[in-house]
Amino acid sequence: MATSSAAGNGVADKPVLVRDPTKGLALVCGNTVLRADYTALLPRIRSHAVQKELLVRAAKVKGVKDPVAVDATAGLGEDSLLLAAAGFEVTLFERDKTIAALLIDAVARARETPELAQVASRMHVIEGDSVDGLRHLGFCPHVVFLDPMFPQRAKSSAVKKKLQMIQQLEQPCNNEAELLDAALATRPRKVVIKRPIKGPHLAGARPSYSLAGKAVRYDVIVPPQHG
């Protein structure tokens with residue numbers, strides 16, 4: 001994908017994809033650059049640290065040696081990276097073509113980075129709608145992870161601008177019940193749902209239990225056959 005001269009001059013009025021020969025693919029809007037950089041997560045994916053991650057604690061499946069997860073709302077894949085670092089083989093679905101391009105590029109670059117290569121080798125990206133993808137998955141994952149987009153409090157103007165860029169491409173989930181039903185239909189051991197700390201339950205479904213942090217919580221649904 002060619003570099004846009006308008007983006008390079010910082011005057012673009014809509015996000016465009018730009019490929020840097022050394023840094024990889026990025027989404028650029030004016031002076032704001034959005035690029036998945038997994039090296040920034042290296043401290044969090046060290047073996048001693050990743051097991052303390054709230055998501056990993058929520059997704060942990062007892063008695064499973066080689067756990068398999070599906071991230072049905074992958075975005076830029078940072079949550080999937082945490083799961084992969086914890087030993088999960090992760091299939092990532094991303095429906096927006098632009099975000100999927102950023103995600104595929106990020107995983108490819110990670111596989112070429114020695115500190116990330118082993119973890120990234122467990123991440124497998126599929127561009128497409130996850131509701132349909134889950135229905136034709138072909139295997140039963142141990143965990144399905146759902147992170148439907150929700151408004152987040154930006155910590156800085158730069159973070160806020162990047163969130164706005166993503167939201168221009170992909171709107172918050174408007175088919176919550178269908179997404180949850182598709183996840184449960186794969187017969188997982190659990191469905192893990194990322195929510196705002198005080199946000200409502202996804203599709204009104206009451207979780208089996210929740211793990212809460214300062215900004216987000218993880219609602220865990222354990223299907224009856226595994227309860």
Q: Report yes if residue 76 is open to solvent by 20 Å² or more (accessible area, probe 1.4 Å), under 12 Å from the mean Cα position of the chain (by Cα) and of a type in the set (A, V, I, L, M), otherwise no.
A: yes
Q.
Take the conditions closer than 30 Å to residue 14 by Cα and open to solvent by 70 Å² or more (accessible area, probe 1.4 Å) and apply them to residue 97. Does it pass?
A. yes
Q) Does residue 27 count as at pLDDT below 95 and not small (Gly, Ala, Ser)? A) yes
Q: Starting from the stretch 113-139, keep only residues that are closer than 16 Å to residue 185 by Cα, then list their pairs with residues that are basic (Lys, Arg) and surrounded by 12 or more Cβ atoms within 10 Å (Cβ to Cβ) whose Cβ atoms are within a distance under 6 Å, requiring at least 6 positions of separation or different chains.
A: 129/95
Q) Which condition does residue 57 not pass, out of (1) open to solvent by less than 20 Å² (accessible area, probe 1.4 Å); (2) within 21 Å of residue 196 (Cα to Cα), if it passes all the others? A) (1)
(Q) Restricting to the stretch 112-130, name every residue that is touching a helix residue (DSSP H, G or I) at 6+ places or on another chain (Cβ under 9 Å) and not in a helix (DSSP H, G or I). (A) 112, 113, 115, 116, 121, 122, 123, 124, 125, 126, 127, 128
Q: Kindly provide the set of residues from the stretch 132-148 that are touching a helix residue (DSSP H, G or I) at 6+ places or on another chain (Cβ under 7 Å) and either open to solvent by 50 Å² or more (accessible area, probe 1.4 Å) or at pLDDT 95 or above (or both), ordered by number.
A: 134, 135, 143, 144, 145, 146
Q) Do you know which residues across the stretch 26-44 are hydrophobic (A, V, I, L, M, F, W, C) and open to solvent by 20 Å² or more (accessible area, probe 1.4 Å)? A) 29, 33, 40, 42
**Q.** Among residues of the stretch 34-71, those that are touching a residue at least 24 places away in the same chain (Cβ under 8 Å) and touching a Pro at 6+ places or on another chain (Cβ under 9 Å), counted
**A.** 8
Q) Looking at this structure, is residue 192 within 13 Å of residue 145 (Cα to Cα), surrounded by 13 or more Cβ atoms within 10 Å (Cβ to Cβ), touching a residue at least 12 places away in the same chain (Cβ under 8 Å) and in contact with a Ser or Thr (Cβ under 8 Å, 6 or more places away or on another chain)? A) no
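The values are calculated or read from the model by the stated rules, or taken from the named source; none is laboratory data. Small disclaimer: the values here were computed from a predicted structure and weren't measured. Neighbour counts are summed over all protein chains in view; Cβ atoms, including those assigned to glycine, are modelled from backbone coordinates with ideal geometry. Note: accessible area is taken over every heavy atom of the protein model, side chains too, but ligands, DNA and RNA are not part of it. Shrake-Rupley method; radii C 1.70, N 1.55, O 1.52, S 1.80 Å.
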